[in-house]
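Just below is one structure, and these are the notes that go with it.
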Amino acid sequence: QVQFVESGGGLVQAGGSLRLSCAASGNTFGLNVIGWYRQTPEKLRESVALIGSGGETNYGNSVKGRFTISRDNAKNTVYLQMNNLKPEDTAVYYCNKFPYARDSWGQGTQVTVSS
């Protein structure tokens, strides 16, 4: 089983930037696709960015051109650089495998974007 710990969230004004980090521990051998997800009270949890073990990436339409996902396999860490943030990006952000593992959800990190 893999555990994920997210960090780096905070309060930022619209147009600002944040960088999230996700540290994986436990049975990380063979981790392939890892994703950043986000959830608000009004919406189901959604995938916003994915990255494969070779660095290939995929983004949700709402974040394309603004968010960049990257990973450091040696450190078992995945990052999410978020630029030009919008109030609708406000959510709790999580990382997990893709497809997600139900028992691997962490506490998430809150991102709040003020207008």
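Some points to look at:
- Overall form of the chain per C-alpha gyration tensor (a/c, 1.5; a/b vs b/c): prolate
- Förster radius 22 Å - calculated FRET efficiency between Thr77 and Arg45, Cβ distance, rounded to 0.05: 0.55
- Relative contact order (%) - the chain, alpha-carbon pairs under 8 angstrom, separation at least six: 37
- Lysine pairs with alpha-carbon atoms under 23 Å apart, the chain, spacing 8 or more or separate chains: 6
- Each residue of the stretch 27-32 is assigned a 3J(HN,Hα), and the resulting list reads 7, 8, 4, x, 4, 10 Hz, derived from the Karplus form 6.51 cos²θ - 1.76 cosθ + 1.60 (θ = phi - 60°), x at Gly and Pro.
- Cα-centre dipole for the chain with unit charges at Cβ (Lys and Arg positive, Asp and Glu negative), debye to 20: 80
- Amide N proximity, the stretch 85-115 versus Glu56 label position 7 Å along Cα-to-Cβ, cut-off under 18 Å: 97-100
Only the coordinates and a few stated rules stand behind these numbers; no lab work does. Not measured: the values here are computed from a predicted model. Positions of Cβ are generated from backbone atoms using ideal geometry, with glycine treated the same way; all protein chains shown enter the neighbour counts.
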